[in-house]
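Structure first, then comments.
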Amino acid sequence: MTTPEPTQAQGALRGVQVLDFGQYIPGPLLGMLLSDQGADVIKVERPGGDPARSEPAFATWNRGKRSVVIDLKTPAGQASAQALAKKADIVIENYRPGVADRLGIGHETLSKDNPGLLYVSIPGFGEDSPHRNERGWEGIVSATTGTYQPYDETKEPLFLPLPTASTFAAIVSSVSVTMALVARDRTGKGQRIEVPMHSAMFSAIGRHLVKLYDIDPPDLFAWPRNIMAHQYQCADGRYIQSQGMYQVFVGSLMTAAGRPEWIEELENLYGVEVSQETIALWKDRFEKMFLERTAKEWEDDIAAARGVGTVCKTIDEWLVHPHALESNMVSEIDDARYGRMKQPGVQVRLRGTPGAIQGRAPILGEHTAEILAEANAPGRAVTFQDSGENIMGALEGIRVLDLCIVLAGPTCGRTLGEFGAEVIKIDDPSRPYDIAGNTDVNRGKRSININLKTPEGLAVFYKLLETTDVVVENSRASTLARLGISYDEMKKRKPNIIHASLNAFGYDGPWAERPGWEQLAQATSGIQVRRGGRDGTPKLLPYPMNDYGTGLMGAYAVALAVHERNRTGEGQTVNSGLALTAGLLQSPYFLDYEGHKRDEPEGLGVRGFSAKSRLYEAADGWIFFHCPNDEAWGKLVELSDFEDMTGDDDTLTESLAAVLAGKPRADWEKLINPTGVSVMANRMVADFQYDADIRKAGLIVSRDHPGYGQADHLGNVAKLSETPMRIGRPTPLLGAETDEILSEAGYTAEQIESLKLAGAVVQHVA
């Protein structure tokens, strides 16, 4: 898709005005997500502009916006900003706590004249954090949330050059502010939303936070059950990422490999304990097998057999891949500075109110005159009145049927429940039960076991649909059609239904019907190669970030669709995919233009971007050191420990490493942070699992769960002043509420028993 000129917004956020005071990545990225869905986003920049203007990715983070230059350090500038805020629906800022207040654009100030205002704060650390006054640089926040954990071959932490904390902060904020918009549709009230980058990263950690105290369940993701899910080198030296988490894919892979005689033997490895000798045997067989063909030949042969696998590609390969282009995962923008430029496509696809990239990123101050004229012109004052309706959650009264499996889809359903929806999880009684995964993504729901492959089970689904507002699933379109529950079929019975569908590769383009998981999204989009290095073995991210990000993007799409339905009464189908999220996570590098040269860090030896922004080892462990500018560096070298520290990047790295090794981490934080250079301890999940401040903030909670006792899991990461998120009930056992849900739907005891005898439903029996 090419967008040379601004387009007329047709998205669900048409008519919504956003005032974006954000800098660097998280605030601007949120503004981009809102702009892509039709909002009018005004980017407020200080004299000299957003410091991120020097980055090519600025063109992505700020596309579709208008730019106004305002000096918030002057009374006149503050007055102009306040005048604009009177007419805004949403304000975005990502300053440290207290800074916005000092600049005259704090929530209390702006909401006085605009009580319907939705005010989004994205600090590095939250107001109640002991680190609230620390600058929330990407590397600093990522270091504190286990992002830089060592890989198999390394004992040292491995730097990840992706803006994961910034991206998740923007993603969580997009969900939160759109949910607040839905709440405002009903109440007329604005509210304040806080999404610290540090808190948002916990939504990316997800199942890695789960700790089970009373049981030790089998790990469904460990060898040998996962023996086919691995990166294997092929005949051309390239790597293929295969996937065989479930038995159903054994046959397809072995068919592609021409080894049908292995099928039964491999299938027997699932669900049983297997010796290390057997695991080693199969690993050796697979390593030799994949060396028989090139990576591309394997990709094509596996696809032809309807299996799961993809070449571990570079980002440059994905940017020109036919599927990425035809599905609009890659868009082309005519940028004012870079010319024709490839960028990530629109992240969520609403089929009834399709979003679109509204134009290029603005030149600094390009729209200053027209925007300031609008501020002083009559009209468009936000005049929402308190309706008197009192709701506890934005989606209160909304019922959701959740048909999803694994992580992305269930995360979407869980998120809808956190914002007040009643979520009924439709489980398949034949699927294996992953306790850790279910604890993470299925809390707050009720469970009913339905066999949708039976006529009776399908009839139960459609009975439940009668009182349902949203259906969420993450199956291929052909799978749903075979079951008889396509969107078209649902719409016949419930015309205003909202249908959210998530998958790996999206719903347009030649790969739309290919199955896929987190590993494949990372492989095909360039993430694995970046992590492992072009000359090394591709490596996975420390957390399943595309799964969780896509689940949250699904919730964002649903909130947009609910807002649209509130306005028009119309339902629609909405989509997103793991590979779309992978593009967003790589936004600094997911671009190309004439003359662009790649020099991004990659591989297992990477510790940072430069001597002034990287991991160093202190006397008692690793720290992340970040110097944002020359002013901060000038203050640092005034300290006796850093006097006369000069030289090229390699020399500075050696000098800093030698000095920083001499004191404990806490000492360096006290000494260095007042200079404007930021230092913080690098931590793993085990380091903060029992952190009192993190538990006080509600980021990790501990509760008793039915059937397996005490468990830790993710709490709530966003704070909404009027319609707060809720954790919801503990994760149910599969089918725990089958009888209850059927009874509520009008089935008699006799009818329920008949459904059980027919194999259509299953009630969990303790």
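The values are calculated or read from the model by the stated rules, or taken from the named source; none is laboratory data. This one's a predicted model, so the numbers in the text were calculated from it and none came from an experiment. With ideal geometry, Cβ positions are generated from the backbone for all residues, glycine too; neighbour counts draw on all protein chains shown.
W318 passes all but one of (1) under 23 Å from the mean Cα position of the chain (by Cα); (2) among the aromatic types (F, W, Y); (3) surrounded by fewer than 21 Cβ atoms within 10 Å (Cβ to Cβ); which number fails?
(3)
D739: modelled with pLDDT of 95 or more, assigned by TED's automatic domain parsing to the domain that holds L458, surrounded by fewer than 21 Cβ atoms within 10 Å (Cβ to Cβ) and not small (G, A, S), yes or no? Before the answer, list the steps.
On the way: modelled with pLDDT of 95 or more: yes; assigned by TED's automatic domain parsing to the domain that holds L458: yes; surrounded by fewer than 21 Cβ atoms within 10 Å (Cβ to Cβ): yes; not small (G, A, S): yes.
It is true that D739 is modelled with pLDDT of 95 or more, assigned by TED's automatic domain parsing to the domain that holds L458, surrounded by fewer than 21 Cβ atoms within 10 Å (Cβ to Cβ) and not small (G, A, S).
Collect the residues in the stretch 749-766 that are assigned to a loop (DSSP other than H, G, I, E, B) and free of Cβ contacts under 8 Å to residues at least 24 places away in the same chain, keeping them in residue-number order.
Listed by number, the list holds a single entry, V765.
Hey, can you tell me all the residues within the stretch 45-100 that are in a loop (DSSP other than H, G, I, E, B) and either of a type in the set (G, A, S) or without any contact (Cβ under 8 Å) to a residue 24 or more places away in the chain (or both)? Write out each step before concluding.
Initially, the stretch 45-100 is screened for residues in a loop (DSSP other than H, G, I, E, B), giving 46-50, 55-57, 62-64, 70-74, 86-89, 94-98.
G48, G49, A57, G64, T74, A88, G98 - these are the residues of the stretch 45-100 that are in a loop (DSSP other than H, G, I, E, B) and either of a type in the set (G, A, S) or without any contact (Cβ under 8 Å) to a residue 24 or more places away in the chain (or both).
From (1) farther than 30 Å from N328 by Cα; (2) in a loop (DSSP other than H, G, I, E, B), pick out the condition that doesn't hold for E602.
(1)
Looking at the stretch 422-436, which of the residues that are free of Cβ contacts under 8 Å to residues at least 40 places away in the same chain and in a loop (DSSP other than H, G, I, E, B) is farthest from M392 (Cα to Cα)?
If we take residues in the stretch 422-436 being free of Cβ contacts under 8 Å to residues at least 40 places away in the same chain and in a loop (DSSP other than H, G, I, E, B), then S430 is farthest from M392 (Cα to Cα).
With the structure loaded, tell me whether Y556 is in a helix (DSSP H, G or I), closer than 27 Å to T144 by Cβ, in the same structural domain as P410 (by TED's automatic domain parsing) and out of contact with any strand residue (DSSP E or B) (no Cβ under 9 Å at 6 or more places or on another chain) or whether it fails that test. Walk me through how you get there before you give the answer.
Numbers: in a helix (DSSP H, G or I): yes; closer than 27 Å to T144 by Cβ: yes; in the same structural domain as P410 (by TED's automatic domain parsing): yes; out of contact with any strand residue (DSSP E or B) (no Cβ under 9 Å at 6 or more places or on another chain): no.
No, not satisfied.
Give M341, M289, M245 a once-over and let me know the one that is under 30 Å from S67 (Cα atoms) and either modelled with pLDDT under 95 or in contact with a helix residue (DSSP H, G or I) (Cβ under 7 Å, 6 or more places away or on another chain) (or both). Reasoning before the result, please.
Values: M289 fails: under 30 Å from S67 (Cα atoms); M245 fails: under 30 Å from S67 (Cα atoms).
Checking each option against the conditions leaves just M341.
Assess whether I623 counts as being assigned to a helix (DSSP H, G or I), of a type outside the set (S, T, N, Q) and either touching a residue at least 60 places away in the same chain (Cβ under 8 Å) or touching a helix residue (DSSP H, G or I) at 6+ places or on another chain (Cβ under 7 Å) (or both).
The answer is no for I623.
Which residues, counting only those in the stretch 37-62, are under 16 Å from S174 (Cα atoms) and buried (at least 24 other Cβ atoms within 10 Å of the Cβ)?
Of the residues in the stretch 37-62, the ones under 16 Å from S174 (Cα atoms) are 37-41, 61-62.
Within the stretch 37-62, Q37, G38, A39, V41, W61, N62 qualify.
List the number of the failed condition for Y232; all other conditions in (1) crowded, with 21+ Cβ neighbours inside 10 Å; (2) of a type outside the set (D, E); (3) assigned to a loop (DSSP other than H, G, I, E, B); (4) touching a strand residue (DSSP E or B) at 6+ places or on another chain (Cβ under 8 Å) hold.
Here Y232 meets the rest and fails (3).
If you go through the stretch 104-160, how many residues are farther than 22 Å from A666 by Cβ, among the β-branched types (V, I, T) and outside any loop (DSSP other than H, G, I, E, B)?
2
Output yes when any residue across the stretch 697-710 is without any contact (Cβ under 8 Å) to a residue 40 or more places away in the chain, under 16 Å from H198 (Cα atoms), of a type outside the set (A, V, I, L, M, F, W, C) and not assigned by TED's automatic domain parsing to the domain that holds D427, and no when none is.
Yes, the stretch 697-710 contains a residue that is without any contact (Cβ under 8 Å) to a residue 40 or more places away in the chain, under 16 Å from H198 (Cα atoms), of a type outside the set (A, V, I, L, M, F, W, C) and not assigned by TED's automatic domain parsing to the domain that holds D427.
For the stretch 3-59, name all the residues that are over 27 Å from L162 (Cβ atoms) and at pLDDT below 95.
Hits for the stretch 3-59 are P4, E5, P6, T7, Q8, A9, Q10.
Looking only at helices (runs of 4 or more DSSP H) that lie completely in the stretch 475-549, which have at least 3 residues being within 19 Å of I302 (Cα to Cα)?
Values: elements: 477-483, 487-493, 518-525, 527-532.
So the answer is 518-525.
Got at least one residue in the stretch 15-36 being in a helix (DSSP H, G or I) and surrounded by fewer than 24 Cβ atoms within 10 Å (Cβ to Cβ)? Don't jump to the end; show me each part of the working.
Of all residues in the stretch 15-36, those in a helix (DSSP H, G or I) come to 26-35.
From what is left, the residues that are surrounded by fewer than 24 Cβ atoms within 10 Å (Cβ to Cβ) are none.
No, the stretch 15-36 contains no residue that is in a helix (DSSP H, G or I) and surrounded by fewer than 24 Cβ atoms within 10 Å (Cβ to Cβ).
Could you grab the pairs with beta carbons closer than 7 Å, sequence gap of 6+ or different chains, first residue in the stretch 510-521 and surrounded by fewer than 23 Cβ atoms within 10 Å (Cβ to Cβ), second one of a type in the set (D, E, K, R) and assigned to a loop (DSSP other than H, G, I, E, B)?
Listed pairs, sorted by first residue: E513/R476; P515/R476.
Anything in the stretch 481-493 that is touching a residue at least 12 places away in the same chain (Cβ under 8 Å) and not small (G, A, S)? List them, or say none.
The first filter runs over the stretch 481-493 and keeps only residues touching a residue at least 12 places away in the same chain (Cβ under 8 Å), leaving 483-485, 487, 490-491, 493.
Correct list: L483, I485, Y487, M490, K491, R493.
Given the options D301, D284, name the one that is without any contact (Cβ under 8 Å) to a residue 24 or more places away in the chain, among the acidic types (D, E) and assigned to a helix (DSSP H, G or I).
On the way: D301 fails: without any contact (Cβ under 8 Å) to a residue 24 or more places away in the chain.
D284 is the lone residue from the list that is without any contact (Cβ under 8 Å) to a residue 24 or more places away in the chain, among the acidic types (D, E) and assigned to a helix (DSSP H, G or I).
Any residue that is part of a helix (DSSP H, G or I), within 24 Å of D36 (Cβ to Cβ) and in contact (Cβ under 8 Å) with a residue 24 or more places away in the chain - is there at least one of those in the stretch 634-646? Don't jump to the end; show me each part of the working.
Residues of the stretch 634-646 that are part of a helix (DSSP H, G or I), as a first pass: 634-636, 640-642.
From what is left, the residues that are within 24 Å of D36 (Cβ to Cβ) are none.
Within the stretch 634-646, none of the residues are part of a helix (DSSP H, G or I), within 24 Å of D36 (Cβ to Cβ) and in contact (Cβ under 8 Å) with a residue 24 or more places away in the chain.
What pairs can you find where one residue is in the stretch 329-340 and at positive phi, the other is at pLDDT 95 or above and surrounded by 14 or more Cβ atoms within 10 Å (Cβ to Cβ), and their Cβ atoms are less than 7 Å apart, with a gap of 6+ or different chains?
From residues that are at positive phi, the pairs are G339/Y593.
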